[in-house]
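The values are calculated or read from the model by the stated rules, or taken from the named source; none is laboratory data. Just so it is clear, the structure is predicted and the values come from calculations on it, not from any experiment. Heads up, the Cβs are rebuilt from the backbone with ideal geometry, glycines too, and the neighbour counts pull from every protein chain shown.
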Amino acid sequence: MRTPEKLLRRLLPLLLATLWWTQTLFAHAQHGESASFRTGFQHPVSGFDHVLAMMAVGLWGAQLGAPAIWLLPVAFPMVMAMGGMLGLMGVPLPGTEIGIAASAILLGSAVMLELRPPHVVAAAVVTFFAIFHGYAHGAELPPGQNGLVYSMGFVIATGCLHAIGISVGVIHRWSWGQTLLRTAGGAVAGAGAFFMWRALY
Amino acid sequence: MFRCTRSDAAIAGAIAMAMAMSPARVEAHLNSTGLGPVYDGAVHLLLSPEDLVPAFALALLAGLRGVRHGRSTLFALPAAWLLGGLVGIAAGSGSGTTTTVVSLLVLGTLVASDARLSLTMLTLLAVSLGLVHGFVNGVGMRPFGVGVQALIGLAAALFVLTALVVAFVVQLRQSWSRMAVRVLGSWIAASGLLMLGWVVHARS
């Protein structure tokens, strides 16, 4: 029997590929909206620091296992959006770039050292840094876009980055995979150190 | 098995000849006519994320709660939407931006937290959502004169959408698939938060 879960498993890669391949559709008069979705979707994946930190969230979630594997991707977008809202409102948040770089260092280190704090602490760490990531994107939003469609593209792209991190993190069940994940965590932390150096100097 | 006799062929040939001799203007491509008010209403829902996403979120919530909640939402939401639309057409004026923000925030958060709402609460939520969004739709449709027929099309599309989403979600049994639905809810709430930022940004 074909269960909805099986259908989801088959459709998910296709859906992700389609989202990744977004093109502007001019089939109807409201073509600005599809442009807004594309702009919103591309915004999170255009910054390497954001991409690394988001994937590290997924990797760490995969290392921690249930319920963190789901708790972090549920909590992160909401808190990140709160940061984006602050950015849009023009509320000052000093040291945004430093916060983003620190997130890559800490999350990368957590993956590298395979840290296992209580789930509440892990969620608190991740959501704290989510504010900086959201704020940076909120402050940089381009004018003239459809707010809702842009926001949806933005949030979905971030969720896809988490999903990629979680999917890659599945290799944690094998010993060679654990080593590979730790190495990847080290690479993220190293890149975070570079971003920190660039933010400070 | 159907067998065509010579007289059947003659009759069919005569009808075809008569039709060919009296051509009428074909409106097949709808460039000049549009889709018609009923289909315009149905398409409006599918092309308006500010209405589509909250309705989708409510269907997710109802699906997570089970069959009884799903059935209630299936009828309450389109009916309330239609009623709200009729009121909006008759007497309305207003903007839908705040409505969209509140709907996304409330429904997204409820889905993300897998809120265990009672049947009465969920039905009340469906009726409230339908009345408010329908009202805004009715106000928007009033100047175009598409009115009641468009609302019927919209309510029909809403019925189909709710039925499909609820039927899909209600069957999900494995924890990861239900959690995927909750992740969708968090995305919807996050979009609502960003939308709130946009609204404040535009007003400042």
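Any residue at all in the range B:130-139 that is of a type in the set (Gly, Ala, Ser) and either surrounded by fewer than 19 Cβ atoms within 10 Å (Cβ to Cβ) or within 14 Å of chain A (Cβ to nearest Cβ) (or both)?
Looking through the range B:130-139, none of the residues is of a type in the set (Gly, Ala, Ser) and either surrounded by fewer than 19 Cβ atoms within 10 Å (Cβ to Cβ) or within 14 Å of chain A (Cβ to nearest Cβ) (or both).
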Worksheet item: Assuming B:Leu172 fulfils every condition listed in (1) touching a residue at least 24 places away in the same chain (Cβ under 8 Å); (2) facing chain A (nearest Cβ under 9 Å); (3) in a helix (DSSP H, G or I) apart from one, which condition is it?
Response: (3)
Response to the item:
For the range B:181-204, the count of residues that are facing chain A (nearest Cβ under 7 Å), within 16 Å of A:Ala75 (Cβ to Cβ) and surrounded by fewer than 24 Cβ atoms within 10 Å (Cβ to Cβ) equals 2
Worksheet item: If you go through the range B:48-63 one residue at a time, do you hit one that is at pLDDT 85 or above, surrounded by 15 or more Cβ atoms within 10 Å (Cβ to Cβ) and over 30 Å from B:Gln174 (Cα atoms)?
Response: yes
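When you scan the range B:161-171, do you find a residue that is over 30 Å from A:Trp70 (Cβ atoms) and of a type in the set (S, T, N, Q), even just one?
No: the range B:161-171 contains no residue that is over 30 Å from A:Trp70 (Cβ atoms) and of a type in the set (S, T, N, Q).
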Worksheet item: Does A:Leu93 meet the test of being outside any helix (DSSP H, G or I), touching a residue at least 40 places away in the same chain (Cβ under 8 Å) and farther than 29 Å from B:Ser175 by Cβ?
Response: yes
Item to complete: Read through the list (1) crowded, with 20+ Cβ neighbours inside 10 Å; (2) small (Gly, Ala, Ser); (3) more than 10 Å from chain B (Cβ to nearest Cβ), then give the number of the only condition that A:Ala81 fails.
Response: (3)
Worksheet entry | Flag if A:Ser46 is surrounded by fewer than 16 Cβ atoms within 10 Å (Cβ to Cβ) and at pLDDT 75 or above | yes
